[in-house]
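A short write-up of the structure that comes next.
Any read-out appearing in this document is the output of simple, stated calculations on the displayed coordinates, not a laboratory observation. These numbers were taken from a predicted model, which means no experiment stands behind them. Here the Cβ is made from the backbone with ideal geometry for all residues, glycine too, and neighbour counts use every protein chain on show.
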Amino acid sequence: EYVLEQNYPNPFNPITTINYLIPYYDFVAISIINIKGQNIKKLIQGVHLPGQYTIQWDGTNNFGNQVPAGIYFYKMDATEFNDIKKLILLK
């Protein structure tokens, strides 16, 4: 089954790790979203083979700029799966 695990460490500074599991060959996208619902960073977007994966986020946006401390969400979208989890960036 699809799994999106809670990031660690959480809260974090400067880097956090996100683990996820894909059971089938599928297109997967993982994004960081701010409290206003704006997509600020696309972490992953592409086809995955079945397996367990790890991605890290360094607290930057799509332009490479450091984002402010605060509450963020990470969202995973696949063909038959969607999940959102909360993370906290401390400075």
Review point. Tell me, which residue of region 1-15 that is surrounded by 13 or more Cβ atoms within 10 Å (Cβ to Cβ) and of a type in the set (A, V, I, L, M, F, W, C) is farthest from Pro50 (Cα to Cα)?
Key: Phe12
Revision key, fill the gap. Over region 21-36, the set of residues under 15 Å from Lys86 (Cα atoms), of a type outside the set (Val, Ile, Thr) and within 14 Å of the chain's Cα centre (by Cα) is Ser31, Asn34
Revision key, fill the gap. Every listed condition ((1) touching a residue at least 60 places away in the same chain (Cβ under 8 Å); (2) of a type outside the set (Asp, Glu); (3) touching a Gly at 6+ places or on another chain (Cβ under 8 Å)) holds for Pro11 save (3)
